[in-house]
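A quick write-up on the structure given underneath.
All of the numbers you see were taken from the coordinates with simple rules; none came from a lab. Here the structure is a predicted model, which means the values were calculated and not measured. Heads up, the Cβs are rebuilt from the backbone with ideal geometry, glycines too, and the neighbour counts pull from every protein chain shown.
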Amino acid sequence: MNEISQDILCFKGLINQGLDAAMPAHVVYPQVDDKPSGFSSKWIKEILQTQLGFGGVVISDDLSMQGAHFIKNIVERVQVSLESGCDMALICNHPELVTEVIDFDWPDSEKLQLMKGIKPQNLDKIVLNHHIENIQTLL
């Protein structure tokens, strides 16, 4: 853990300089959590946001990458990444997976229900409830 404490000092410096966005990788640091950092509330909420004071947008790494496949279903990957603290879930190069996520019957999930019917050219109109303030800082 001491080595990790040293390694994150550069991130603290960037955060102090006003870093607007961060993307946790699909990398496991077993001394911190057994889940990849992008699926870990310990990494995102406890370390990045609370300990390091990051207040910007957290964007998942590509959820269609092999490193994310420890969760078999794309819908579950999106759900876990958002619950872990990501503001945006990234799915690249696989439009069929995006469609699967959008078409999923999300029970009482405003975040993803708001995406239904939005075409790719209108993605800037997506409202992701409490995450919108963070997302606007990037625009």
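Brief remarks on what is shown
- Alpha-carbon centroid distance for the pair segment 1-24 / segment 73-96, whole angstrom: 23 Å
- Per-peptide packing, taken as the mean over residues of other Cβ atoms within 10 Å, places 78-88, 95-105 in the sequence 78-88, 95-105 from highest down.
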